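Only one structure is covered here, and it is reproduced in the block below.
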Amino acid sequence: MAAHYGDPYKEQRALLEKVGVVDRSHRGVIAVPGVDRLTWLHSLTSQHLERLAPWQGTEALVLSPHGHVEHHLGVLDDGATTWLDVEPGTAAALVSYLDSMRFMLRVDPTDVTENWALLTLVGPQLDTALANIGVVLEDQAAALPGGGWVRRVAGPGLAADLLVPHADLLQTVRRLDVPPAGIWAYEALRVADRLPRLGRETDHKTIVQEPGWVPSAVHLDKGCYRGQETVARVHNLGKPPRRMVMLHLDGMDEDLPVTGDPVTLGERQVGFVGTAVRHVELGQIALALVRRNVPVDAQLTIGDRAAAIDPDSIPAENPADVRERPRVTRLPSRP
């Protein structure tokens, strides 16, 4: 994937103020046809899927028996097939797990990453871009004229995903008639909106409450699924040991921290860096998973650089309190 197309800050501006298209065709795509697909996926994931209506999208998680996050799924059902899009490099492992859980059910999960590509439109003018390809998105999702679909998604900002045949990828980008933006711009907005990614803001022991996947990817009032006991126990009896926060970095070093770098308080490691980016308005920022007892005003360090927690990024104590996340206060625009 292209990191940028010459000016990553200009690309961020387009996504914030107008609209741009991001090539995310490195994501894995899985098709699940079959009459039992929704009840089957409902039994295997953290989301309530058995009554998912056609052309409605959502998110879901696959958990380990101990409640640790193993897969994060974007989900859309078109009335005949349930489509799952997943983190790059994880589709084969997820299909292998799904195959092992088929038993006698009428389902056929298949990795179709080579045939389908994901594009993402980001920006307040995305409906104008969709009109360029003949789509008026009145509901959450709709079929595309040449095959595939478009669905509105939760961020970064105002966004919509398009699933298109790989053979039509370049033609679709041309018809959208909007400037391209690279992964750097997309990730900068994602971090500012505090949206976690599997493998970035998670490790092998991450539970669903830590990155804030309740309620977007976890339904708290559904039947049994693998890992549910941990989800329910933390929700009803305790609090997660860690939480995802956004850090402001001091900017003294041009090189950004990398995923997994330790976050320390004094001599003690209290967390790790997920994704660090350069944001057009906020400067150098990062998402990090840190211990819940780290004070909001703690003087943290990542290597030799200072880092401070953005107080607006502290999640609500009770994840069942469904409310809009407070938006980070944006700094004045740079000239």
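Conditions tested, residue by residue: (1) out of contact with any Cys (no Cβ under 8 Å at 6 or more places or on another chain); (2) open to solvent by 10 Å² or more (accessible area, probe 1.4 Å); (3) outside any strand (DSSP E or B); (4) without any contact (Cβ under 8 Å) to a residue 24 or more places away in the chain.
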residue	(1), (2), (3), (4)
P54	yes, yes, yes, no
L61	yes, no, no, no
L76	yes, no, no, no
L121	yes, no, no, no
A129	yes, no, yes, no
G134	yes, yes, yes, yes
E138	yes, yes, yes, yes
V153	yes, yes, no, no
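Flag set for L41, criterion: in contact (Cβ under 8 Å) with a residue 24 or more places away in the chain, in a helix (DSSP H, G or I), in contact with a helix residue (DSSP H, G or I) (Cβ under 9 Å, 6 or more places away or on another chain) and open to solvent by less than 10 Å² (accessible area, probe 1.4 Å).
Counting the residues of the range 80-112 that are closer than 22 Å to L52 by Cβ, in contact with a strand residue (DSSP E or B) (Cβ under 8 Å, 6 or more places away or on another chain) and either open to solvent by 70 Å² or more (accessible area, probe 1.4 Å) or in contact (Cβ under 8 Å) with a residue 40 or more places away in the chain (or both) gives 19. Exactly one residue out of D139, D193, D161, D168 is closer than 24 Å to T259 by Cα and out of contact with any helix residue (DSSP H, G or I) (no Cβ under 9 Å at 6 or more places or on another chain): that is D193.
For E70, the conditions (1) in a strand (DSSP E or B); (2) open to solvent by less than 50 Å² (accessible area, probe 1.4 Å) are fulfilled apart from (2). Those strands (runs of 3 or more DSSP E) of the range 189-305 in which at least 2 residues are surrounded by 20 or more Cβ atoms within 10 Å (Cβ to Cβ), considering only elements entirely within it, cover 242-249, 268-279, 283-291, 300-302.
Among E229, E267, E254, which is the only one that is within 20 Å of A286 (Cβ to Cβ) and either within 22 Å of the chain's Cα centre (by Cα) or of a type outside the set (F, W, Y) (or both)? Of the residues listed, the single one that is within 20 Å of A286 (Cβ to Cβ) and either within 22 Å of the chain's Cα centre (by Cα) or of a type outside the set (F, W, Y) (or both) is E254. When restricted to residues that are under 15 Å from V19 (Cα atoms) and of a type in the set (A, V, I, L, M, F, W, C), the range 144-187 contains 11. Among the conditions (1) under 13 Å from the mean Cα position of the chain (by Cα); (2) of a type in the set (K, R); (3) closer than 24 Å to K10 by Cα, R200 misses just one, which is (3). The residues listed here are A185, A160, A167; of these, the one that is within 20 Å of P88 (Cα to Cα), without any contact (Cβ under 8 Å) to a residue 60 or more places away in the chain and in a helix (DSSP H, G or I) is A167. Residues in the range 1-18 that are out of contact with any His (no Cβ under 8 Å at 6 or more places or on another chain) and either among the hydroxyl-bearing types (S, T, Y) or open to solvent by less than 10 Å² (accessible area, probe 1.4 Å) (or both) were compared, and the one that is farthest from G283 (Cα to Cα) is Y5.
The values are calculated or read from the model by the stated rules, or taken from the named source; none is laboratory data. Keep in mind it's a predicted model, so treat the numbers as computed, not measured. A quick note on method: Cβ atoms are made from the backbone with ideal geometry, for glycine too, and the neighbour counts reach across all protein chains shown. To get the accessible areas, we keep the full protein, side chains included, count just its heavy atoms, and leave off ligands, DNA and RNA. Shrake-Rupley method; radii C 1.70, N 1.55, O 1.52, S 1.80 Å.
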